[in-house]
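Here is the structure we will look at, set down as C-alpha cells.
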C-alpha cells in the first residue's frame, strides 16, 4: 500500500491562477487578454461596466463575469469581495480599463479630462488598493498596469490621454518598489499600436464635446489622431495578448514590457532632445 501522506507539494495539483481584468468589453485589449489568460489555464474574472459587452464569455466556465465601474468605490468593493468569497484570492490584477481623450487641451472640457484621469489613473489605483490587502496577506500576487507608448512622447491632440498614462507609469514605478516588500510583483505593460476599438471610442467621445472655436481649423487632424494607432501598421489584439500573458505568467516577470508597432520608436523619442522631439511630432501630426 502506498502511503500518500508523504506526497510532496509538487505532486499535488496546483490551483489555477485567479486573474481579475478590468475593461473586458468585446473589441478591446482586455477582451483579448481575458481569452489569452483562459487559454493558459487561468480562471478569469472578466469585468466591464456592462455584462452585455462580454456576452460571448457567458457560456464558458473559465470566465466569471462581473459588472464593474472602476470609478465607483462601491462597485470595486463589491466585485473584489465577490471574487475573494468565490475563489479565496486574487493572484493577478490587470488594470486594463482605460479611455481615450482627444482634442486641444486649451478647449477640451475639464470634465472630459477628469473622466480620463478618473478611469486611467484613479480607477487603476482604486483597484490596487482593493486587492493589495488580500495579496499582502498571502505574500504573493501580481499587479499589471496597462500604460501606453504615447506617454513616452506626448504629442498634439491627445495630451489628456498621454498625461494620464504617464501618471499611471509613475504610480506603477512607485508601487513596484513598495509592494515588493509583500511579495507582490508590479508590471508596466506598454502597448504600441494594437488593433482595438479605442479609435472609434475616442471619436465618439470627441463628438459629444462642445464645438471647437480656436482650434476649429485643425479638426480633421484631431480626428486623424484619434485613429492614429489603428492604421495599417497595427498588431492584432490576440497576438499582443498572447505575448503579454506569457510574460506576465513568468515566475519573475519583468518590470516593463512593451510590445507592438512604435514601441521602439517611442522609446527612442523619449530620450531625444526636446527640440528634436517637438520637430518630429509636429511633422507627424501636421501642426
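A search for C-beta distances below 9 Å between a residue of the stretch 267-287 that is in contact (Cβ under 8 Å) with a residue 24 or more places away in the chain and at positive phi and any residue that is in a helix (DSSP H, G or I) and surrounded by 12 or more Cβ atoms within 10 Å (Cβ to Cβ), counting only pairs 6+ apart in sequence or on different chains, returns 286/218; 286/221; 286/224. Here the stretch 269-282 is the region considered, the condition is being modelled with pLDDT of 90 or more and exposed (fewer than 13 other Cβ atoms within 10 Å of the Cβ), and the residue that is nearest to residue 145 (Cα to Cα) is 270.
Can you name every residue in the stretch 127-147 that is touching a residue at least 40 places away in the same chain (Cβ under 8 Å) and either over 19 Å from the mean Cα position of the chain (by Cα) or part of a helix (DSSP H, G or I) (or both)?
Listed by number, the residues that qualify are 127, 128, 130, 131, 132, 134, 135, 136, 138, 139, 140.
Looking at 124, 150, which one is within 17 Å of the chain's Cα centre (by Cα) and under 30 Å from residue 276 (Cβ atoms)?
Values: 124 fails: under 30 Å from residue 276 (Cβ atoms).
Answer to the check: 150.
Among the residues of the stretch 83-100, is any touching a strand residue (DSSP E or B) at 6+ places or on another chain (Cβ under 9 Å), assigned to a strand (DSSP E or B) and surrounded by fewer than 24 Cβ atoms within 10 Å (Cβ to Cβ)? No.
Does any residue in the stretch 188-199 that is free of Cβ contacts under 8 Å to residues at least 60 places away in the same chain and on the phi < 0 side of the Ramachandran plot come within less than 9 Å, Cβ to Cβ, of a residue that is outside any loop (DSSP other than H, G, I, E, B) and crowded, with 22+ Cβ neighbours inside 10 Å six or more places away or on a different chain, and which pairs are these? Short answer, once both residue conditions are applied: 195/229; 195/237; 195/240.
Would you confirm whether any residue within the stretch 107-117 is touching a helix residue (DSSP H, G or I) at 6+ places or on another chain (Cβ under 7 Å) and in a loop (DSSP other than H, G, I, E, B)? Yes, the stretch 107-117 has at least one match.
Of all residues in the stretch 50-82, which are outside any helix (DSSP H, G or I) and without any contact (Cβ under 8 Å) to a residue 24 or more places away in the chain? Lay out the reasoning, then the answer.
Filtering the stretch 50-82 down to residues outside any helix (DSSP H, G or I) leaves 50, 58-72.
58, 59, 60, 61, 64, 65, 66, 67, 69, 72 - these are the residues of the stretch 50-82 that are outside any helix (DSSP H, G or I) and without any contact (Cβ under 8 Å) to a residue 24 or more places away in the chain.
The values are calculated or read from the model by the stated rules, or taken from the named source; none is laboratory data. Only a predicted model underlies this, so the values are computations on that prediction, with no experimental measurement involved. No Cβ is skipped: glycine too gets one built from the backbone with ideal geometry, and neighbour counts run over all protein chains shown.
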